[in-house]
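Heads up: the structure comes next, in structure tokens.
Quick note: the coordinates plus some simple rules give every number you see, no bench work behind them. Remember, it's a predicted structure, so these values are computed and weren't measured experimentally. No Cβ is skipped: glycine too gets one built from the backbone with ideal geometry, and neighbour counts run over all protein chains shown.
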Amino acid sequence: MNKAEKKAKEETMNTGLKMAAASRTVLVTAMGAAAVGQAHAVSFSQGDATLDINGTINGFYAHRTEEVGDVKTKDSALTNGLLPGWINFVFTTKVEGLDIKAHVGFAPGINDKSDVVGLPSDPSCGGDRGCDSPFSQIDTRNLYFQFGSDDWGTVKLGRDIGLFGQKIILADMTLLGVGGNSYAATPFNTTFGMIGHGYMYTGFQPQITYTTPTMGGFSASAGIFDPNRFAGDETEDPGFQAMLNYDWKAGDTTSGSVWAGGVHQTTSGDGSFDARGLELGAKLGFGNFEAVAYGFDGKGLGLATVGALFFSPFEETKGRGYFVQGTYKFGKTKVGLNYGENRDEDGLLTETNKFRSATFGVYHSLNKYITLVGEYNQEKGTGADLFAGDLKTRTISLGGILFF
């Protein structure tokens, strides 16, 4: 092989490696690691630097029936699923032995009306439910840089997905679809999938984290996080999150992952308390079948039945939950069934409150970019603190998602 042929071969291999890395980046970054199909980024290189552009877009029709006590209502929406849209700009280079990465990610949505806290709204609406708004949300979810090496690990500084609850939402099959939307029908920029039904939402948070090199399948991450003023009136100390992970593969058909995570944050002043939680999860793959099992237990983390960390209007509430899922792939089509339950008690709650949900989903890879999705979801909530009587919902959703 002459020098020209060798150089051409190296460039081809490097391009392939960059495309593979970009594919992983868009799936994990856009919380689509469970995606059916393959994503392909656009990549630009100059000197020792590379800029990848990747993203995802989705849209669904959802029809929902809700029963609260004796009142039954129906509604429909054209909406984003559990994922919003996403556009990512990822810079990578290697300088003086350091692998360097910078990531800016924007997450727009297709919803065009909002009266929900956290979304822009038309000031003339006056806060009435369903008021039309000319705005749609653009959420800056990723804004960080990191540096490191295979020898000593990686340090990340900026805003990115949290550690506690990260792996379970990436394993949730409804990440590609809609799942449940009991708290998202007004609408939010996304639905809730199985958030609040087996796990709590990890969120995208300002952080400084360290991740070890992977050694024999083992890795660990730990970091300090921007504190949330959920109780008391001072946030003197940062939050803390950590995750231990072990991945393995046996032959071409068997693989698995086991992880454990923790979260802790304290506030000070009147009404302050410590928030803390532990989680344990596993994912096993045997040929075309994959199973997921997960559980968590926490105190002061907020309402597990809502799923938002540090949303604590009922003070030091105890929350716990579990989630199970099985999927099987037939050629280009994956079918799955999952179930999850969260419950809250103590604090200022008058009784134990439960929120449980089940989803049946079909995910068909139309081609390497597009996945078509159909789901049926049922939710049930009980507990006088959260609902005006028992809550039951049924949601049918049809649509698709594109990764590029």
*In the stretch 309-351, with Lys and Arg counted as +1 and Asp and Glu as -1 at Cβ, which of these residues, Leu348, Gly321, Phe311, has the Cα nearest the positive end of the dipole, that is, farthest along it?*
Gly321
_Please rank His264, His63, His197, His103, fewest neighbouring Cβ atoms within 10 Å first, as an exposure proxy._
His63, His264, His103, His197
_Length gained when the stretch Asp99-Thr212 is fully extended (0.36 nm per residue, less Cα-Cα span)_ = 39.3 nm
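Rounded to two decimals, what is Rg over Rh for the stretch 145-229 when you use alpha-carbon atoms and the Kirkwood radius?
Working: Rg = 15.6 Å, Rh = 14.8 Å.
Computed over Cα atoms, the ratio is 1.06.
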_Starting from 0.36 nm per residue, how many nanometres of slack lie between Ser149 and Asp226 once their C-alpha separation is accounted for?_
25.2 nm
*asked:* Starting from the 7 Å offset along Cα-to-Cβ, what nm value, one decimal, do you get for the label separation of Ile53 and Asp390?
replied: 5.3 nm
*Shape category assigned to the stretch 248-348 from the gyration tensor of Cα positions, a/c cut at 1.5*: prolate
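Treating the beta-carbon of each Lys and Arg as +1 and of each Asp and Glu as -1, no other charges, what is the dipole magnitude of the stretch 253-306 about its Cα centre, to the nearest 20 debye? Don't jump to the answer; show the numbers that get you there.
Values: 3 positive and 5 negative charges, 22 e Å.
Result for the stretch 253-306 is approximately 100 debye, rounded to the nearest 20.
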*Determine which residues of the stretch 43-60 fall in the zone a paramagnetic label at Tyr369 would reach in this model, i.e. backbone nitrogen under 20 Å from the point 7 Å along Cα→Cβ.*
43-44, 52-60
*For the stretch 245-257, what does the Karplus curve 6.51 cos²θ - 1.76 cosθ + 1.60, with θ = phi - 60°, yield as ³J(HN,Hα) per residue in whole Hz, taken in order and with x for Gly and Pro?*
9, 9, 10, 8, 9, 10, x, 8, 10, 10, 8, x, 8
*Note down the nm distance, to one decimal, between modelled labels 7 Å out along Cα→Cβ at Lys329 and at Leu284.*
1.9 nm
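Counting other beta carbons within 10 Å of each residue's own, what order do Met243, Met194, Met215 fall into, fewest first?
Working: Met243 23, Met194 29, Met215 8.
Least crowded to most crowded, the residues run Met215, Met243, Met194.
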*From the backbone phi of the stretch 391-404, what are the Karplus-calculated ³J(HN,Hα) couplings (6.51 cos²θ - 1.76 cosθ + 1.60, θ = phi - 60°) in whole Hz, Gly and Pro given as x?*
10, 10, 9, 9, 10, 10, 9, 9, x, x, 9, 10, 10, 9
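Indicate the gyration tensor shape class of the stretch 163-317 (rounded, prolate or oblate), computed on the Cα atoms with a ≥ b ≥ c the square roots of the eigenvalues: a/c under 1.5 is rounded; otherwise a/b larger than b/c is prolate and the rest oblate.
Numbers: a/c = 2.49, a/b = 1.40, b/c = 1.77.
Oblate is the answer for the stretch 163-317, as a/c is 1.5 or above yet b/c matches or exceeds a/b.
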